[in-house]
1. Using the alpha-carbon centroid of each, what span in Å lies between region 426-474 and region 334-371?
2. Please work out the FRET efficiency for the pair Asp131 and Glu82, using the Cβ-Cβ distance as r and a Förster radius of 35 Å; give the result to the nearest 0.05.
3. Can you find, among Pro579, Leu531, Pro85, the residue sitting farthest towards the positive end of the charge dipole of the chain, where Lys and Arg contribute +1 and Asp and Glu -1 at Cβ?
4. Cross-link list Lys115/Lys260; Lys79/Lys298; Lys66/Lys298; Lys111/Lys196: which exceed 18 angstrom alpha carbon to alpha carbon?
5. In what sequence do Ser479, Ser324 fall when counting other Cβ within 10 Å, fewest first?
6. Scanning the chain for GluC sites (Glu not before Pro) in DSSP loops with at most 14 other Cβ atoms within 10 Å, what's the longest stretch left with none?
7. In whole angstrom, how long is each semi-axis of the equivalent ellipsoid of region 170-267, when you take the square root of 5 times every eigenvalue of its Cα gyration tensor and sort them from largest down?
8. Considering the Cα trace of the chain, what is its radius of gyration and what is Dmax, both in angstroms?
Amino acid sequence: MVAKMLNHNMMMMMIVGLIWELTIGIFSRGERTEFEAASDHECGSVDSSHYCVKGDNWGYSKINPKRVSMDLWNLTSRKLIESFPLDPIKENYVRQVRGCIFSAVQPEPFKSAIKLVAVSKEVVEDLLDLDMSVTETEEFIQFVSGARILPGSVPLTHRYGGHQFGVWVGQLGDGRAHLLGAYTNRHGTRWELQLKGSGKTPYSRDGDGRAVLRSSVREFLCSEALNYLGIPTSRAVSLVVSNDDVKRDQFYNGSVENEKGAIVLRVAKSWFRFGSLEILAHSGETELLRKLVDFIIKQHFPLINATNSNRYLEFFSQVVIDTSNLIAHWMSVGFAHGVCNTDNFSVLSVTLDYGPFGFMDFYDPNFVPNTSDDEGRYKIGNQVNVGRYNLNKLMKALNPLLDLKQQLLAEQILKGYPGLYQTKFMELFKAKLGLFGYNNNDEYLITYLLKLMEDTRADFTMTFRQLSEITKQQLAAHSISEDHWALQDVARHTNFSHWVNLYLSRLNRNIVDSDEARRTRMESANPRYILRNWMAESAIKKTAGNDFSEVHLLQKILRHPFSKQTEAEEARYSSRPPPWARELRISCSS
Ligand code: AMP
Ligand code: MG
């Protein structure tokens, strides 16, 4: 049955692909995209009751399923170690590694005193079953900074490669990350815990194995923020900072400065990337490639029959669907990842490796968050195309596992990608505009609004948010208050009233809807708060004086991005960005 459904899925994708080719041609409109309301995507709804037996070996209780000590809290690296050959070379020095998926390497603790800057309560409690009181203990701080390895944990660094900026660069790998092991929580969900910034590995190349505080603050805040926006992402457990000096030339202009080293403890269901498969295909390690893909399918794609001869095609088909959805989600909140190399694309299609990302302020399909990306390869409007490029590289990596007929089918599956993306985009953007059902002109209505926003440089987030807050009568009368500053900007466009007429008549087609219900619905699809660069920058500046208050404030606000919050309003997080925001530059340096 499942296999049938997947086959049907693949069939649908091929049909969508063919139709797309016939009617639209190769997609060139990178700026087209879409939306969806937030959802708690990470935990699923597995019935947990049988894991919560009072007094069982695991020490859970129905009343408080969280552990108050780390004593019995265990990580395990067993599954990964037993499934794959390990790097036979045990010494930790930079080199080309072959014949394995992981090298066992210990993290390098900081030499100076460390401070716990931030912790994600939800990750600690809900994903890791730990009581927040544990985070105040010395053993927790040692654990999250790589100084204490728990029993059962064998720190691993992953060997992967990648296409960076369109070029195959060979081996990359975890140059500053250590996979501590997996924790299976009371819901039966398995989370892999990884330190980032925890020292040199065989994959460090010229790097120092470290991460600096500013980029770690950004990763910590943004990965959590995306989660609360309902977007698949790795999560962050904690952020620690040390006094160890880390030298960085932030803007690559010869000005090297000492910064503080930091470590983020991150979690994801898997850290495998497109590049994890690519390196094996490029080096002709086909049996290891098969082992890895079979492992990924078995662990993470339970709907795929692991003995079916079409399993690799089904896997590819699912990654195509999930990647198209992920990028549509990014677009729905104006998020540009910044470095969409294949080594940063997850096989589970979750957002990974936060670097020079950015949320666009005013709507601009050419928005490039990364100042090191001179050609704008990863500009926001090009993310959909880059997704296809990366999927093509994944397909090539899978080719050694496919027969000729399957290779052709894989190409057909990939042709379905633009259609899948467009469908998700429409779904999400229709939700942003509060539209029910289907109308032929919906795409036109959305594209029209985006064009007005582009022409008037109107704020992307707040235009949609303010459309959610204004009544239909006010909109019809063009009665837009000062509070609705982004809408005022769009309203300056000569075609605004034409668009409003189209929009209002489309809203009137919504059957069984009230204006109040529409606004409530739209407010839960359009965030009021996103992590704008200026907000992150302001918080980071304060950390120089050991003031982490704004990091904590942002963490708190971004937990509820769809709800108006007094503290956020006082901090002007939903106001027009300050003029200096336009001068901000975020480079690859991290
Ligand atoms: P990223 O841009 O963070 O996705 O990293 C790309 C590649 O460079 C990965 O293989 C990283 O492990 C590696 N890398 C980035 N920064 C460092 C560093 N400071 N030390 C060692 N490796 C690094
Ligand atoms: Mg990376």
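What follows is calculated from the coordinates using simple rules that are stated; it is not laboratory data. Computed from a predicted model, the values in this text were never measured in an experiment. We place every Cβ from the backbone using ideal geometry, glycine too, and count neighbours over all the protein chains shown.
1. Spelled out, the Cα-based centre of one part sits 22 Å from the other.
2. In this case the efficiency is close to 0.65.
3. Farthest along the dipole direction, towards plus: Pro85.
4. Lys66/Lys298
5. Ser479, Ser324
6. Answer from the scan: 92-374.
7. 26, 16, 12
8. According to the Cα coordinates of the chain, Rg and Dmax are 24.0, 73 Å.
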